[in-house]
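What follows is a short report on a single structure.
The values are calculated or read from the model by the stated rules, or taken from the named source; none is laboratory data. This is a predicted model, so every value here is computed, not measured. Here the Cβ is made from the backbone with ideal geometry for all residues, glycine too, and neighbour counts use every protein chain on show. These accessible areas exclude ligands, DNA and RNA; they are computed on the full protein's heavy atoms, side chains included. Shrake-Rupley method; radii C 1.70, N 1.55, O 1.52, S 1.80 Å.
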Amino acid sequence: ELRNGNYTRVDANVITELLYEGKTVASATGEVSVAARDTTRIDYVARVNAPELWDVDSPKLYVARTRVFSNGAMTDERLDKFGFRTIEFDAERGFLLNGRQMKLGGICGHEDFGLTGKAVPDNVMRHKVRMMKEMGVNAYRCAHSMQDEAFMDAFDEYGILVMAETRHFSSTPAH
């Protein structure tokens, strides 16, 4: 989703590279024209053959590096970490992660940190997630709202599944 904050139409090229251990394993490009003060969506596909799978015991992470170019100059860049995995709920076998049956040992939590509330340095969030992992937690339910991005990244990096509650998926101000 691209938002044009300018007062004129903008033509943009979008390039996303998927990186694993610093190496590009796939890429995709797209072109889009965004009206003045408007938001539009661009869809494209990048294929990774035989990706390394993310697992609670081995959290393999990729990075999607997305760059937006307009008039030959890069105007924006975003890095997003993610892991490839399959999840399935089977009536007889229960929860399956990457085809492997597993029991969820989790907790439900609000994003709060005692007296600091939500004004928390990233390392405090990482410490909390590390303690959860040491306790044997492999799943976390975010109670009522989305958590801080650093908190969510720590879950991915430490191999903890997240059941995230969210009510809005758009980047528009209303959401």
Output for the range 83-112, where each listed residue is of a type in the set (Phe, Trp, Tyr) and either open to solvent by 80 Å² or more (accessible area, probe 1.4 Å) or part of a loop (DSSP other than H, G, I, E, B) (or both): 89
Have a look at 126, 130, 141 and point out the one that is of a type outside the set (Ser, Thr, Tyr), at pLDDT 90 or above, more than 14 Å from the chain's Cα centre (by Cα) and part of a strand (DSSP E or B). 141
Being open to solvent by less than 70 Å² (accessible area, probe 1.4 Å), out of contact with any Leu (no Cβ under 6 Å at 6 or more places or on another chain) and under 21 Å from residue 158 (Cβ atoms): is that true of residue 131 here? no
Go through the range 163-175 and report how many residues are modelled with pLDDT of 90 or more and open to solvent by less than 50 Å² (accessible area, probe 1.4 Å). 0
Taking strands (runs of 3 or more DSSP E) that do not extend beyond the range 1-82, which have at least 2 residues that are under 25 Å from residue 150 (Cβ atoms), among the charged types (D, E, K, R) and open to solvent by 30 Å² or more (accessible area, probe 1.4 Å)? 62-70, 73-82
Go through (1) assigned to a loop (DSSP other than H, G, I, E, B); (2) within 21 Å of residue 102 (Cα to Cα) one by one and return the number of the condition residue 155 breaks. (1)
